[in-house]
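*Asks:* My structure is below; once you've seen it, I'll send some questions.
The values are calculated or read from the model by the stated rules, or taken from the named source; none is laboratory data. Only a predicted model underlies this, so the values are computations on that prediction, with no experimental measurement involved. Here the Cβ is made from the backbone with ideal geometry for all residues, glycine too, and neighbour counts use every protein chain on show.
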Amino acid sequence: MEILWKSLKAYLKHLRLLGLEEIPIQAPLFEPQDELERLLAQVQKCKSCALHKTRKRPVLGEGNPKALLMFIGEAPGAEEDEQGRPFVGKAGELLTRMIKAMGLNREEFYITNLIKCRPPNNRNPKPEEIEACKPFLLKQLEIIKPKLLCTLGSFAAQSLLGVQEKISSLRGKVLKWQGIILIPTFHPAFLLRNPSYKKFAWEDLKRLMAEYRRLKAEKPQAPPQC
Ligand code: SF4
């Protein structure tokens, strides 16, 4: 250790003689993808609520780690629990079709859920489970920094906005959460059970796409390469 210290001292002295007054030290910068992978490792070890006992695979989320738009559902279902991916069951297929109907691909966005482990028999998440898991969602929002949120179903909108209203009264509006535009709509699983509500979801998605295109047009473009 002493030899190492002496060599370092000699090297710094040498740099000083060469006229170097200070050495800039830059904190390491992490890409959002790396940060999300670290978060996934934490979620996989998490035992903060009882759902860790019954889950097969926790589901953090997937998609563009620098997405402008983030979809937030409620909780993984049976298929998601098997695959460790969000929205891959029947409700996920409907969400993918809805995104395609808007002329876009789901890979362009980031998709996640309010809680990361499947509640048994797809029951509603309990308030204590939502509270225990919320830091993971907040961290995802901090990493990805979306400009636009679309919450699916009552729970994600209620949890972020701190309100108790049901999705039927929250939807149809353009809201804000911490300066980010938030458009709530019905959960695709609800739409599968109640197809007559699809027309309302479609209205919400049209509103969402109008905001998305506006924000995309505003995004600063990279300068042309000379
Ligand atoms: Fe942890 Fe969230 Fe899973 Fe509960 S639901 S065990 S808080 S990751």
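Conditions tested, residue by residue: (1) more than 30 Å from Asn122 (Cα to Cα); (2) at pLDDT 95 or above; (3) acidic (Asp, Glu).
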| position | (1), (2), (3) |
| --- | --- |
| Ile183 | no, yes, no |
| His187 | no, yes, no |
| Lys198 | no, yes, no |
| Leu208 | no, yes, no |
| Glu211 | yes, yes, yes |
| Glu218 | yes, no, yes |
| Gln221 | yes, no, no |
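*Asks:* Moving on to the next point. Do we find a residue being more than 12 Å from the chain's Cα centre (by Cα) and of a type in the set (A, V, I, L, M) anywhere in the range 54-69?
*Replies:* No: zero hits.
*Asks:* Identify, by number, the condition in (1) in contact (Cβ under 8 Å) with a residue 60 or more places away in the chain; (2) within 16 Å of the ligand (Cβ to nearest atom); (3) in a loop (DSSP other than H, G, I, E, B); (4) over 23 Å from Gly162 (Cα atoms) that Ala67 doesn't meet.
*Replies:* The one condition Ala67 does not meet is (2).
*Asks:* A follow-up question, please. Quickly run through the range 71-88 and pick out the residues that are touching a residue at least 40 places away in the same chain (Cβ under 8 Å) and touching a Gly at 6+ places or on another chain (Cβ under 8 Å).
*Replies:* Correct list: Gly73, Glu74, Gly77, Ala78, Phe87.
*Asks:* Kindly provide the set of residues from the range 45-71 that are under 21 Å from Val88 (Cβ atoms) and aliphatic (A, V, I, L, M), ordered by number.
*Replies:* Leu51, Val59, Leu60, Ala67, Leu69, Met70
*Asks:* Let me ask another. Which of the residues belonging to the range 27-64 are within 16 Å of the ligand (Cβ to nearest atom) and among the small types (Gly, Ala, Ser)?
*Replies:* Result: Ala41, Ser48, Ala50, Gly61.
*Asks:* When you scan the range 16-30, do you find a residue that is modelled with pLDDT of 95 or more and in contact with a Lys or Arg (Cβ under 9 Å, 6 or more places away or on another chain), even just one?
*Replies:* Looking for residues that are modelled with pLDDT of 95 or more and in contact with a Lys or Arg (Cβ under 9 Å, 6 or more places away or on another chain), one finds none in the range 16-30, hence no.
Residues checked against (1) surrounded by fewer than 18 Cβ atoms within 10 Å (Cβ to Cβ); (2) among the aliphatic types (A, V, I, L, M); (3) in contact with a Phe, Trp or Tyr (Cβ under 9 Å, 6 or more places away or on another chain); (4) part of a loop (DSSP other than H, G, I, E, B):
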position	(1), (2), (3), (4)
His52	yes, no, no, no
Arg57	yes, no, no, yes
Glu62	no, no, yes, no
Ala75	no, yes, yes, yes
Asp81	no, no, no, no
Pro86	no, no, yes, yes
Lys100	yes, no, no, no
Leu104	yes, yes, yes, yes
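*Asks:* Confirm whether Cys117 is crowded, with 19+ Cβ neighbours inside 10 Å, assigned to a loop (DSSP other than H, G, I, E, B) and at negative phi.
*Replies:* Spelling it out, Cys117 is indeed crowded, with 19+ Cβ neighbours inside 10 Å, assigned to a loop (DSSP other than H, G, I, E, B) and at negative phi.
*Asks:* Look at the range 109-164 and say how many of its residues are in contact with a helix residue (DSSP H, G or I) (Cβ under 7 Å, 6 or more places away or on another chain), of a type in the set (Lys, Arg) and more than 13 Å from the ligand (Cβ to nearest atom).
*Replies:* Residues meeting the conditions: 1.
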